[in-house]
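What follows is a single structure, written as structure tokens, with notes after it.
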Amino acid sequence: MVKEKRYTTHKSEVEIVGNSADTVLWLWEHLVPVSGQCQTLQGEVIRVLELLAWEAQANGNLNWDASFDAMLVFLRRAFLSSDYPLAKTFSIETRLSIEADINRLAHFVLPTELDSRIYSDELPYIKDDLYDRLAGHLVSYCHHHRTLLPLTFD
């Protein structure tokens, strides 16, 4: 999904290019720095989604710590809090879907802690569909609101 080399530029609007995957790639290449947090809300959502996906898919969430919990808190606020512009644009059904997806990312048993019963819904979520769906909600927002939002911290 993501190229290794990224370039950040100073943009004021999201450029909608091609399909959703192309737009996600544009967000990644133009808004996500090589290290550290983004300056924009849109970039930070993509960065956090990629970090969560990488940790689950590559590591089975074995490196999970408080920083990952903070990422989930950030996603909840960005997508669901009325303090953020993204949340105000989603229907109730979409908000419920987003909340369910974030809850699924938050609730897992580490593979090292599983007992003899193995239920896939207890393992870290590794399929792309959930991460892609959350990124798709961001892209949908960007289609209607192209202005980049500064990332603010409380």
- Message: If a residue must be more than 15 Å from TYR141 (Cβ to Cβ) and not hydrophobic (A, V, I, L, M, F, W, C), how many such residues does region 14-34 contain?
- Response: 6
- Task: Output the qualifying pairs, or none if there are none: Cβ atoms under 8 angstrom, residues six or more apart or on different chains, first residue in region 38-49 and acidic (Asp, Glu), second residue not in a helix (DSSP H, G or I).
- Result: GLU44/GLN37; GLU44/CYS38; GLU44/LEU151
- Please list, ordered by first then second residue, the pairs with beta carbon atoms under 7 Å, 6 or more apart or interchain, first in region 60-81 and more than 18 Å from SER97 (Cα to Cα), second among the charged types (D, E, K, R) and modelled with pLDDT of 95 or more. ASN61/GLU55; ASN63/GLU55; TRP64/GLU55; PHE68/GLU55
- Query: Of all residues in region 78-91, which are modelled with pLDDT of 95 or more and either surrounded by fewer than 21 Cβ atoms within 10 Å (Cβ to Cβ) or basic (Lys, Arg) (or both)?
  - Reply: LEU80
- Message: For region 83-96, check the following and say yes or no: at least one residue is of a type outside the set (Gly, Ala, Ser) and under 12 Å from the mean Cα position of the chain (by Cα).
- Response: no
- Filter region 92-102 for residues that are touching a residue at least 24 places away in the same chain (Cβ under 8 Å) and among the aliphatic types (A, V, I, L, M); which is surrounded by the most Cβ atoms within 10 Å (Cβ to Cβ)? ILE98
- Message: If MET1 meets every condition in (1) modelled with pLDDT under 95; (2) within 19 Å of ASN103 (Cβ to Cβ) apart from one, which number is that one?
- Response: (2)
- Among residues of region 85-101, those that are within 20 Å of ASP129 (Cα to Cα) and part of a helix (DSSP H, G or I), counted: 9
- Message: Restricting to region 27-84, give me the number of residues that are outside any helix (DSSP H, G or I) and of a type outside the set (Asp, Glu).
- Response: 17
- Message: Going residue by residue through region 44-61, is there one that turns out to be in contact with a Leu (Cβ under 8 Å, 6 or more places away or on another chain), under 23 Å from TRP28 (Cβ atoms) and among the polar types (S, T, N, Q)?
- Response: yes
- Note on the structure: Taking region 42-60 and keeping only residues that are touching a helix residue (DSSP H, G or I) at 6+ places or on another chain (Cβ under 6 Å) and surrounded by fewer than 22 Cβ atoms within 10 Å (Cβ to Cβ), one is left with VAL48, GLY60
- Message: I'm checking my understanding of the structure. Among residues of region 103-146 that are among the β-branched types (Val, Ile, Thr) and at pLDDT 90 or above, which one is surrounded by the most Cβ atoms within 10 Å (Cβ to Cβ)?
- Response: VAL139
- Task: Quickly run through region 14-28 and pick out the residues that are modelled with pLDDT under 90 and either surrounded by 13 or more Cβ atoms within 10 Å (Cβ to Cβ) or within 19 Å of PRO150 (Cα to Cα) (or both).
- Result: GLU15, ILE16
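The values are calculated or read from the model by the stated rules, or taken from the named source; none is laboratory data. Small disclaimer: the values here were computed from a predicted structure and weren't measured. FYI the Cβ positions are ideal-geometry reconstructions off the backbone, even for glycines, and counts take in every protein chain you see.
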